[in-house]
Amino acid sequence: MTTIEQQIEIAVPVSTVYDQWTQFEEFPSFMDGILEVRQLDATHLHWRAEVAGEVRDWNAEIVEQHPDRCVAWRSTSGKANHGEVRFESLDPGRTLVTLEQDVELEGIKERVGDALGMIESRARGDLQRFRDMIEGRGVASGGWRHDVPQDAHATGAPPTPAARAPVPDPDAVTLGRPTTGTAPQPDPDQPAPPITDVASDARRVP
């Protein structure tokens, strides 16, 4: 495994920078060579990228995540890689982002210094494009602020259930409309239940 590390300073508050980074499906908009990132659930992702002219697919899982602090991952299929992105507030309007990634190099061509330099250059370019995007917007397009404990997968604990899910239909909530099924209807052949004086019963002492 080979480790690369890149840092960049972003003129945006740390909460905004972190929230934008959690929008994994937007990674292709600033990551070179990434064709698609699909969110499978709260902690699992499917990646598709073009590498050296070949399209490769792999899966990854989030192994640790803490709002405004870090997101760590590891691959679960394909070529081994894992890493972490750390977020540090420098002041209320500036954030330092550090990307640390361990990658497995394959073959003689990928072991030469030029190949490693290309990986580092790509990571640096990805961070620069991310900075330009979030500084240009000024606000995040979304956010996911749940914790994923570091030992959640090691202990076999299930992932956080609030899996970046769509918001329920607001009309159904506001109007009290059931989202599934229908309310039971009274049987017209059955006599109506007796009316109880609730206020009177409430005052009775056993």
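Rounded to whole numbers, the Karplus 3J(HN,Hα) couplings from phi for the stretch 34-45 are 7, 8, 7, 10, 10, 7, 8, 7, 4, 10, 10, 10 Hz, using 6.51 cos²θ - 1.76 cosθ + 1.60 with θ = phi - 60°, and x at Gly and Pro.
Name the shape class, rounded, prolate or oblate, that the alpha-carbon gyration tensor gives for the stretch 2-137, where a ≥ b ≥ c are the square roots of its eigenvalues, rounded holds for a/c under 1.5, and otherwise prolate holds if a/b is larger than b/c and oblate otherwise. Because a/c hits 1.5 or more and a/b exceeds b/c, the stretch 2-137 counts as prolate.
Working from Cα pairs under 8 Å separated by at least six residues, relative contact order for the stretch 2-137 is 30 percent. For the pair residue 9 and residue 121, label points projected 7 Å from Cα toward Cβ lie 2.6 nm apart.
Just so you know, all these numbers are worked out from the coordinates, no wet-lab data involved. All figures in this text were calculated on a predicted structure; none of them were measured in a lab. Cβ: placed from backbone, ideal geometry, glycine included. Neighbour counts: every protein chain shown.
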